[in-house]
Structures are given as C-alpha cells and as structure tokens.
Amino acid sequence: MMPSTHNWINNPLAVIEGMFATSHNIPNSGWEAKAVDFFKDHLKKNNAHTWVPSLNDVPLHYLKPNSLVRFRCLIQDMFDPEFYMGMYETVDPSTKAKVLRCGKYKDVTECGVDFNSRNTVTAERQTFYCVPIPGENPWVKESYAGFSQVTVVPSTSYAPTRQKRSYEEDDNINTLKQKEPFSGPQSPTEQHRSGDFKRQETEAPSSQKASASHLDLNFPLPGEKGPSCLVKVYEDWDSYKLNDTMEIYGILSVNPALSSLANQKDTSSCLLDPAECMETAEEHKVHNPPASLVPRLHMLYAKRLPNNNPLLPLANLEDNSSFLSSTLSEMASVRAELHTYLTHVLLGDALAAEYLILHLISNVYTRRDVLPLGKFTLNLSGCPIVASYTERFYQIIQQLVPSSYYLGMSLQNMNQMCLVPKKDYVGNRLLSGVLQLAESTVLFLDETQLEQGQLDTTGVRNITALGNLISWQKVEYDFNYHQMEFPCNINVLITSESRSLLPSDCQIHLQSQVNQSHMEEYISSIHMPLHVSSQLNKFRIYLSVARLLDYSISDDVSKSVEDDFVDMRKDDPQSISAEDLHRMLVVARLLSLSLGQTSLSRDSWQRVKHIEMLRRSRMEQQKCVNGNEQ
C-alpha cells in the first residue's frame, strides 16, 4: 500500500526544485523533460493515479495547495500565451545571499526577487479554460470516484480566520502578462461537486459560496456542477484543440495572492508588461476570477480521453489484448441481451431496437473532403406522447452511455436557448453554447415537445445549427464578423411523433406491440428493470468497445456488394439509389462491429439487406397512412 504522505503527490514542487537545483546549470541537462518523465513514470506504477485526488470528486476546500491533483475536463476556451519568470534570483535581505530559483509551475514567486538580475529568464506558457466534461452521466462520475483511493481532510488554507502577511508587501506575482479565461452560465449555490464526501462543519465558507453565485463559469450545458480551472500548459500546447477531453495531472494553485493582486492593477505591472494595461476592465475581471473558486492548475501531464468510459482499461485496446479478446468473444451474446432489453424499452419493436444499437455504436471514423464518414443520426418517429415516454427513454440512454444531453425541442427552448458558442470581444472569451459538446456525446432531441408557433430569428438559427451538426458533424461558432467551423463527433438521436423536421441518416417508425389501453402502465414499468449493475456494465463496455474497433471490407465481399447493387437496380432503377447504397454500407459496417466482427461477411451483408428491406417497407406503409411521412 502506498504511503499516504508520498512526497511527489503532496509536494511535487520540492521534486521539481530539487531537479532544478542539481541540473539547471548543466548544458543540455534536459531537467524539465526529466521532471515530467518522473511524474509520468510514478503515475504508471501500481495504480498510483488512484492516489492522486481528483477535482471532479473532491471539493476544492479539501485539497492541499501546491499538491498534485487530477482533473477530467473539456477545453472550453484557449487564450493568448502569457509570459512568466521561468528562472529568477532572490536576495536574502539580511545576508544579501543570492539564490537562483525555478519559476515553472508557479503563479507566485518567493519574496525578495531581484528584478535587475541578469539571470532572470522570461518564458512563455499557454492558458486553457477547462470545464468538467459536459453531460457526463452519474454512473461515470460514481465509477471514477469509486476507483479513487484518496482519503482527504479539509485543508486549513480555507479557514476564513487564518491570518497571513500582506501579499501586496511580501509576494511578487510570477506572471508578467495574464490572459486568463473565465466564464459561462453556472448553477450558483454549489460550486464544487461533493461526491460522497460530507461537508458538515468543513463546508466552504459562506462568503465563498456567495461569491460563486455571481460567477459566470461558462459551462456549455445549463445546470452543470463542478469546478472550472485555468490550466497552465508549458509544452506542446499546439497539440491540443478546443473541445478536447482530457485527464490533466498538475499542481494545484489557489494562492489568495492571485485574487488580491488581480484587484490591484498598479503602475509596476504596466512597467513589466505594457500590454496588460490595454485590457479593458471587463476583460481583466473575466480573466482573473478568485483562485478559491476557479483554481489554477499547472499541467505536468495530460492524457486524452477518446471515450471517457471508466470501465475500459487505461491503455489502448490494442495494447490490452487479454481484455480485447475476452470482450470480443462475448460481444454476440451481450448484443443479444442488449437487443432484448431495448426491444422492451421500445414497446416491443425488435427492428427499432436493432437500429438503436447501430446508432449507439456509430462514430465518425474519418472525413473525406467535407463528408464525415460513419455518422448515423437516427430519427425514431411514432413515439407516444403519453406518460413522458421520451423522457423515460432518455433515462435509459443515460444509463448506457458515458455522456449525453436531453434537449426538449419546445418552441420556447428553440427561441431562447443559446446552442452555438459565441465570441465575446468585450471580455475576450468564448461564450459557450449547448452544442459545445465532447466527442461521442449522445444528443437526444425530443421533437415530441414541439408545438405550433412561430420560430424567431434565434429559433431559426438554432434549427439551422442542429441541421448542420447532423448533416456535416460541424458547428459554426459565432465570431460576430465571421463564422468559424469546428468539426465534432456527436451522436444525434431524434424522437418524434411523425417524420422529424430535421435531417437524419436513417428513419424508422416505431411499431408499438403494446395495447393502447395499457400504454401508461407499460411505460411506467420500463423505468429500470436492470437492477444488476454487472449486466449494465457489460452493456456499457460493449457499446464503447464496438465504437473503437477497426473495420474493413475484403475485395471479394466488395465485388459481391457491387453485383448485388446492379441486380437490385435491374428490375426497377428507382427502387434503390446511390444514397440508399451508402446507407446500407454504413449499416453493414455498424452491424459487423456490433457482432464483434472487424470485416464484412456475406452473411452480415444478407442480414443488412433484410433489415433494410423491412425498414423501407415499414416506411412505405406509413407513407400510405400519413401522406407527409416517409
């Protein structure tokens, strides 16, 4: 068992400063890279990462300042680089002794900095504004928290009665130019997600909570909770993109000096960096939130989270052959169980359940010119409007996928909600919108909520944005004078009474097997018949793994598919189009992957033709019943 007082977790700066002291004056020592490698290596040993406290699970006031923490997040905004003192010299006022110090991974320097020293080295770092992953479902949060082996006690640094020396007199700010982000709509009263920790007498001071209610934390989704962070990045920041999801390991900085000095823009800071005086008051306020509410995190190491499923191994699937082989061997049987369950959820409709599985494992695997390949937006029409069926249906989806969001397409929501992120030039930040989502998020559009009325300009813009997302898997962010396209990979599921007003890759009309008089009773019984968490976890692993598998078509099967297409068009060229063939190939890929097969077999192709025939036949029947339905 790892000692609870491990220095590299509790005091990472001591490790870094030790390496700096012994190596900084040796040419080409590469001490910075060695310091990062030290933490990477230690985090890989004996599940050491589970001993590092997470900002997602532990309230901020429980964490020790300047300790190593982790944060599972999305990059919501990126800011201009800032300059800081990478190396500086301090002078002891009594002995006049000079000591070289490292300024990396710090916001505030030690006392007695000699600003005239020739040994001062100015360096550059980038700042990202990061928020918890939007729409992350409760089972994901609980799973991550359950893996943690951290035991925390409240940090005394947050006791409101604790007195310190005047920071204005004793400390020097380490940053010469601050371009720090801060923003967005926030659900006020509880700033930090507490997980299973009981606050009791260790609750954050009420003054902090009062301040939090006035903060705009720029969460993309309304009602989200959790901390936002200013993440300081020192290497390879060009390799990160807006909306990347990551788990960041870094040094926590919550020094009150950041807040007190931020409120005192005196002439000395302008002398150090005249550009800082060009900030507007609004920009300065936005970029310098209280550190006790929006902590700074100095990144040592970050790993990308392409799926954010805590039940999958940390390593890539290819690097974990035993997990992959055991999962693949069970995929057909797990699929059958999931199909049975989803058939029950979809009112006894086995064909709709088939297509829902294909939708849930769909994924944009590449882009050819502007066309995103692999997307499979599903419109499930014929949904009953009794007993809040679509909302209950969404609750089931929540239990199966790591991240999702329910958007009721009521006239009020369409006319009032901000779906597209917009640049705020006054505060110099990106105001988030609902469509700023992480990769692989399921966006559940409930069109049964739509009623008669007039869409205003905002409503039309929102509907257009949803259409572009579905058709091209991109969102055009509003930069006032121009639009900027950001590619995305979001699974859009549309539920509607009749054919959706939005485009889709596939539509299937729900054929309920439930007697209308028993509908409400049946829907209320759907809630969650899966009480066995191990069964749910099987479904969760299955859906995530199927998305990550590679896929190919052999030349023989490809020739067979082409011959089939020619044969189908012989008798009636209008019966099948090139667009139909494209959809069938997408369905074939997804059907193969859903069975754990990484290439298309002739049997699977025959099955695809069969289910597509059934679906199209159903659509034709529905078209006859209702002229506007296809």
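The values are calculated or read from the model by the stated rules, or taken from the named source; none is laboratory data. The shown structure was predicted, so the numbers you read here are calculated from the model rather than taken from an experiment. With ideal geometry, Cβ positions are generated from the backbone for all residues, glycine too; neighbour counts draw on all protein chains shown. Accessible surface areas use protein heavy atoms only, side chains included; no ligands, DNA or RNA. Shrake-Rupley method; radii C 1.70, N 1.55, O 1.52, S 1.80 Å.
Of note:
- Label-point separation in nm, Val386 to Lys98, each point 7 Å along Cα→Cβ: 8.6 nm
- Measuring between alpha carbons in the structure, the pairs from Lys141/Lys232; Lys559/Lys623; Lys141/Lys285; Lys44/Lys106; Lys40/Lys375; Lys225/Lys422 lying more than 29 angstrom apart are Lys559/Lys623; Lys141/Lys285; Lys40/Lys375.
- Trypsin sites (Lys or Arg not before Pro) within the stretch 59-117: DSSP coil, no more than 14 neighbouring Cβ in 10 Å: Lys96
- Multiplying each eigenvalue of the alpha-carbon gyration tensor of the stretch 1-130 by 5 and taking the square root yields semi-axes of 29, 19, 16 Å, largest first, rounded to whole angstroms.
- Phi angles of the stretch 107-114 translate, via the Karplus equation with coefficients 6.51, -1.76, 1.60 and θ = phi - 60°, into HN-Hα couplings of 9, 10, 8, 6, 6, x, 6, 8 Hz per residue; Gly and Pro are given as x.
- Accessible surface of the stretch 321-428 [probe 1.4 Å, protein heavy atoms]: carbon and sulfur percent: 53 percent
- Cα gyration tensor category, rounded, prolate or oblate, for the stretch 38-113 with a/c compared to 1.5: prolate
- Proportion of all alpha-carbon pairs of the stretch 295-431 beyond 26 Å (%): 48 percent
- Entry comment: accessible area of the stretch 1-124 is 47 Å² per residue, from protein heavy atoms only and a probe of 1.4 Å.
- Cα centroid of the stretch 54-71 to Cα centroid of the stretch 493-563, whole Å: 39 Å
- Cα-Cα pairs of the stretch 57-100 separated by more than 12 Å (percent): 79 percent
- Per residue, the stretch 282-357 exposes 36 Å² of accessible surface when a 1.4 Å probe is rolled over the protein heavy atoms with every protein chain present.
- Within straight-line reach of Lys474, meaning a Cα separation under 15 Å, sit the following aspartates and glutamates at least 8 residues removed in sequence or on another chain: Asp244, Asp369, Glu439, Glu485.
- Among 228-235, 350-357, sorting by the average number of other beta carbon atoms lying within 10 angstrom of each residue, highest first, gives 228-235, 350-357.
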